[in-house]
Amino acid sequence: MPGEAITPPLKVWIKNSRPFTLTATLSPVLVGSAVAIYSGTFNIVTFLVTFFSCLFLQVGTNYFNEYFDYRYGLDHAGSLGASTVIFRKEMTAGQVLGGGIVCFIIAILLGIALIFLVGPAIILFGVAGMLIAYFYNAKPFKFSSRGLGDVMVFIAMGVVETWGSYYVFIHHWSWHAIAAGVPIGLLAVAILNMNNVRDYQDDLAVNKKTLPVRFGLKFGHNFHTALLLGSYIFTSIFALTGVLPIYCLLVWLTFPLAYQNLRLVAAAKDRMTFVKGIKLTARLHMVFGLAMTASLLIATLLR
């Protein structure tokens, strides 16, 4: 750990939070809350506490991921991800770790507020999300290095956050919220997959067994296509079978963005193109989530 003192400017802290990935929190919270509104309940204070709790949990996760990638030697100075802040001496490893701890503490404090607003059962959602977030890269589980990162992201940023954002308003199981979380989770996994395809050579060199490393780059490309198309297909199935309102078919208005994304990835031949692909996928995740939220609100107004 570098011994020299470093005082990172605010823009470095923000850079290391990976802001373009934070749609992975915005979309499930909005969609889960919209399902609750469709079911007849909403509270702005509960929404804001839930959103910021999930947001700080994800920012903390991004800090922890960078710290453990550095500590375990999974990244280097030439890595294209945000981990270069340590190698470029923009932040020390201790500061990155400390940033993650502070964000988790804030998320816990907001979670405690939710306990008073919602009830003790919400602890289960918080604990599940926090364990997945921390052990995503940390020992002994290291989910990302075992090829389990995609599953964990789908569970945490699809099912848990969407249903959890519904549960804070209506305290019971909801197939509607779970169904709404499926396409949102698939697109969150797509962001991760693009990251893994970009980092294929680096991950292969350190035996980090992401899915593209396990099954090859062609699999990574095909998996990306399946994830994007699957989000629209599952939404259509749920809408046409009545699990979600029929108005959720309006998410197809965002499909031109998905098509642009698929064309870019299909033609990609260099890592910088995949960097663009990550950002386009994150933008699609946000726009898709906003479209589904709007669809649920329209369904509420026209019911």
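Every number here is computed from the coordinates shown, using simple stated rules; none is lab data. Values in this document were obtained by computation on a predicted structure and should not be read as measured data. A quick note on method: Cβ atoms are made from the backbone with ideal geometry, for glycine too, and the neighbour counts reach across all protein chains shown.
Some notes on this structure:
- Distance in nm between pseudo-label sites at residue 253 and residue 15 (7 Å out along the Cβ direction from Cα): 3.7 nm
- Added length on full extension, which subtracts the Cα-Cα distance from 0.36 nm per residue, residue 204 to residue 233: 7.2 nm
- Sorted by Cβ neighbour density within 10 Å, fewest at the top, the residues 92, 281, 273, 210: 273, 92, 210, 281
- Residue 301/residue 171 FRET efficiency (R0 35 Å; Cβ-Cβ; nearest 0.05): 0.90
- Euclidean distance between Cα centres, segment 14-55 to segment 96-155, Å: 15 Å
- FRET efficiency for residue 52 and residue 275, using Cβ-Cβ distance with R0 set to 35 Å, rounded to 0.05: 0.80
- Every Cα-Cα pair in the chain was counted, and those over 30 Å apart are 31% of them.
- For the chain, averaging the sequence separation of C-alpha pairs within contact (under 8 Å, six or more residues apart) and dividing by the residue count gives a relative contact order of 24 percent.
- Largest mean-square fluctuation among 88, 198, 71, in a Gaussian network model of the chain whose springs join Cα atoms under 10 Å apart, belongs to 88.
- GNM flexibility winner over the chain from 272, 157, 91 (Cα, springs under 10 Å): 272
- For the chain, with +1 on Lys and Arg beta carbons and -1 on Asp and Glu, the positive-most of 296, 190, 44 along the dipole: 190
- Sorting the segments 6-12, 101-107 by their mean number of nearby beta carbons within 10 angstrom, highest to lowest, gives 101-107, 6-12.
- Cα-based helix-to-principal-axis angle, 44-71 vs the chain, degrees rounded to 10: 20 degrees
- Legend: ranking of residues 85, 159, 29, 127 from fewest to most surrounding C-beta atoms inside 10 Å; resulting order 127, 159, 85, 29.
- The label point for residue 121 and the one for residue 93, both projected 7 Å from the Cα toward the Cβ, are 4.3 nm apart.
- Helix content alone sets the calculated 222 nm mean residue ellipticity of the chain: runs of n ≥ 4 DSSP H residues at -39500 (n - 2.57) each, divided across all residues, give -23000 deg cm²/dmol.
- Note on residue 112 and residue 7: their simple-model spin labels are 3.1 nm apart, each label 7 Å out from Cα toward Cβ.
- Candidates 263, 18, 271, ranked by Gaussian network fluctuation over the chain, Cα under 10 Å, top entry: 263
- Each of 117, 110 was scored by other Cβ atoms within 10 Å of its Cβ. Listed from fewest to most, they are 117, 110.
- Percent RCO, i.e. relative contact order, over segment 179-303, from Cα pairs under 8 Å lying at least 6 residues apart: 33 percent
- Entries of 139/279; 15/89; 208/269; 139/209; 15/142 with Cα pairs more than 18 Å apart: 139/279; 208/269; 15/142
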